[in-house]
1. Kindly evaluate LEU31 against the criterion of being surrounded by 12 or more Cβ atoms within 10 Å (Cβ to Cβ), under 19 Å from GLY8 (Cβ atoms), in contact with a Phe, Trp or Tyr (Cβ under 6 Å, 6 or more places away or on another chain) and not aromatic (Phe, Trp, Tyr).
2. What number of residues within region 22-58 are touching a residue at least 24 places away in the same chain (Cβ under 8 Å) and assigned to a loop (DSSP other than H, G, I, E, B)?
3. Please go through region 8-28 and give me each residue that is under 9 Å from the mean Cα position of the chain (by Cα) and among the hydroxyl-bearing types (Ser, Thr, Tyr), ordered by number.
Amino acid sequence: MLCLAEYGMRSLNKCRTEYEIVLPFSHGPELEAAIEDLLAEMHATADLCHCWIEASLHDPVAGTAWS
């Protein structure tokens, strides 16, 4: 969750399995690079803790998803 704190992370359910974050890019190459970096950081952090994660990001406005 450390990587998400800088994006105004907000839990969307009691189980804490879904979160809302806000990235400072609306679309384009900057957004794609930020998402790629964020997912890589999340996976690397989990790996350092000898864990794994399942992560997907969804833009409800554009209907785009990344995993």
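1. Values: surrounded by 12 or more Cβ atoms within 10 Å (Cβ to Cβ): yes; under 19 Å from GLY8 (Cβ atoms): yes; in contact with a Phe, Trp or Tyr (Cβ under 6 Å, 6 or more places away or on another chain): yes; not aromatic (Phe, Trp, Tyr): yes.
So LEU31 passes the test.
2. Adding up the residues that qualify gives 1.
3. TYR19
FYI, it's all coordinate maths here, none of it is from the lab. Bear in mind that the values here come from a model prediction, so they are computed numbers and not experimental data. Because the Cβ atoms are built from the backbone with ideal geometry, glycine has one as well, and the counts that use them run over all protein chains shown.
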